[in-house]
Structures are given as structure tokens and as C-alpha cells.
Amino acid sequence: MKLVKFTLLAIFALGAYLLLWPVAIDPVAWQAPKATGYVGPWASNNALADLDLLSLGGHHGPEDFALRDDGVIATATHSGDIMLLAPKSNEFKTWVSTGGRPLGIEYDLQGNLLVADAMKGLLSISPNGDISLVTNQVDDADIVYADDVDVAQNGMVYFSDATSKFSASQFGGTLPASLLEIMEHKGNGRLLQYNPNTAETRVLLEGLVFANGVAVSHDQRSVLINETGSYRVLRYWLKGPKAGKVDTLIDNLPGFPDNIARSPSGGYWLGFASPRARSIDDLSQSPFLRKMIQRLPSFLQPAGKDYGHVIKISETGEVLMDLQDPSGAYPFTTGVLETVDALYISSLTANAVGRRPL
């Protein structure tokens, strides 16, 4: 009899926990587009397999790249270190540390390395390694998850605040915070602009579900922004009759889009950190169940899958190249840097940089 009472009490306690325990997210219903899977235009291939691996000397998570005028390649790592690869070298060397989690990086017109640091805000690193804060506030509120950055030819800086709610510092790091934003799906992400002439930061676009990769268009008339949680790339118009408006460049993508970067040969490279999770799509219209899932141990919650995947798209969103590695040997691919002789592949978790000779 005591065993029965104990069992009933345990079941009651578990049920109460799954129904009532406070969680960080306040999910909303949305309609996930139907995933087509890796068939048709996304048919699986092995074009990204067997990459050359360039050592990071014990570091991991080379999230993004920036190419200096002299051919040196910079990357940002999980430890906070910015590492450099000299021309004709096969190993990245530590340069400086931001003391945070640097994500997107890009050189400005003066040769300073701009860093979107999820813990610190938008930083600038001078050629001699001095680090300064560019901005960490907009509209008298903190920028809590600076993610990616790009610089226009006129010097204007565009960067993303992936979520204004789930701070990477307060919610266990960049990956846990990103999962909270995607599971909630309210759209706390923003596209921001920093004017170096006036030191003003302003919001261009908000309501994005994990605002991620940023790239100024080749013609400088618009900014592309990856909305990771909605599987699409948006275009925010800077000039012309559509100035201030936004439209969709490509949507219903097969994975979670991460970084986006201009290709010197035209078009844009886009990386997928992971394929879409069917469980997330199936529960898109069930905020209550998503809230319950958030109460489960982390190992029972939806998780990313190792799958290498990058694509190249045109100015109109047409897929020009699709490079995959279903084995996930080089996992959580976040983006591509194209040089005259190779494609450099970045990753959220890998302990090396992938390189694919052209």
C-alpha cells in the first residue's frame, strides 16, 4: 500500500512539474513551412566531404572568418581568442582574446577588425591588437547577443542582435540562449546599424526569430539577414523605392541558416549549422507542449545533428551551389569564406578549420 501511495505521489509530482514549473520561454504558435527533406533541390551529396583540416592549436568553434588586405585570414573561437592564418600557412595562430565569445567578424575601412561578441557587444580590434568597445546599447537598452557584422563601402556598420531577451551571458552560453529564442519563437532578434561618424546605433528591423548572419549586398542597396528560427534569408532595403522595407530572398530552407557572406565571384555563401528538427516543426502550433519540453532534461530536448551543408545563392535567391557531407565529419557548418584558391568552412564546434581547394 505504501508503494502504491509513493508511486501515485511521484506521478502527481512529475505531472505538476511538467505542467507548472517556471521556464524561461513564453512560446507562441506559428506555422512552420513543410520541410521537403534532402530530396529534389536539396538532394544529398558528398561535395563537402574530405575537407583539408587546418589546426587551431587546441581551440574549437571557428564561427566566422574575415580576410585582411594582405591575405591574412582571421577567425573567432569559442575560447574568446581571435586567431590568424598567414598566407601559405596551414595553422592558425592566436592573436588576441576578447574575453567573451566572438562570433561574426569583419574588417572595417581603417583595417580594424570589428567583432560581434555575444558577451561584450560590438568590439573593434586595432591592427596592433588594442580592443575597444564600439557599442553595446541601442535605444537605452543593452545589446545582449551581438552575432554577426558587415561593413558597407561607405563605412556604415550593420550587425545583428540575435535575441534581445535571452542573453548569452545569463542563459548558459550562445547555444542554450539560441535554442530558447527558437523554441519561444516570439521574435526578439534585431538588425542594427552603427554609424561611425555619429557613434549612433539604431534598430533597422526587429521581430526576428534569432537574427543571425548579416551581409551587405554587392550593389550596396540592401542588407541580407538570416532569420535562423524561421529558416529563411530576408533582404532589408537601404536605398531605392523599397528603402526601409523588407522582403524574403529565400525561405523554407532545409536547415538552420547561420552566417551569410558575399562571394567575390558573385552571389552569397550561406552555412547551415544543423538540419531542421522535425520535432520543432511538428510542435510549431503547440506552445503548451513546447513549454513542457523545456522542462525536460536537456538530453531529452531537441538537439542539432552533425551534418555538413553550405550553399551559394544568387542575388535573387536561386541556389547556385549545394555542398553537403551527410556524415557530419566536419560538423555544425556555419559559413564560408571564398578566396582565389579555396573555400574555408567555419563551424560552431569543430576543432579545426575546413578547407576545400577550388
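Read-outs throughout are calculated quantities, based only on the coordinates presented, and are distinct from any laboratory measurement. Quick caveat, the model's predicted, so the values are computed rather than measured. Glycine gets a Cβ as well: all are built from the backbone with ideal geometry, and neighbour counts include every protein chain shown.
Table for the structure above
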read-out	value
Ratio of the Cα radius of gyration of region 2-357 to 2.2 N^0.38 Å, where N counts its residues	1.00
The chain, relative contact order [Cα under 8 Å, separation at least 6], %	17
Summed side-chain charge close to T334 - residues other than T334 whose Cβ falls under 10 Å, Lys, Arg +1, Asp, Glu -1	-4
Likely footprinting exposure, T36, T333, fewest C-beta neighbours within 10 Å first	T36, T333
Candidates K88, K165, K305: whichever shows maximal mean-square fluctuation once the chain is modelled as a Gaussian network with Cα springs under 10 Å	K88
Per-peptide average of other Cβ atoms within 10 Å, ordering 239-250, 95-106 highest first	95-106, 239-250
The chain: calculated mean residue ellipticity at 222 nm from DSSP helix runs of at least 4, using -39500 (n - 2.57)	-3500 deg cm²/dmol
Inter-site label distance for D247 and A24 at 7 Å from Cα along Cβ, in nm	3.7
Subset of K186/K245; K34/K305; K88/K305; K93/K120; K34/K239 violating a 27 Å alpha-carbon distance limit	K88/K305; K34/K239
Ranked list, fewest to most other Cβ atoms within 10 Å of each Cβ, for T94, T316	T316, T94
Helix runs (DSSP H) in the chain reaching 18 Å along axis by Cα, Kyte-Doolittle at least 0.0	2-20
Signed unit charges on C-beta, dipole axis of the chain, positive-most listed residue A118, I293, T36	I293
Protection-proxy order for peptides 176-184, 292-300, 136-144, each taking the mean of Cβ atoms within 10 Å per residue, highest first	176-184, 136-144, 292-300
Assigned charges on the beta-carbon of Lys, Arg, Asp, Glu; the chain dipole about Cα centre (debye)	1200
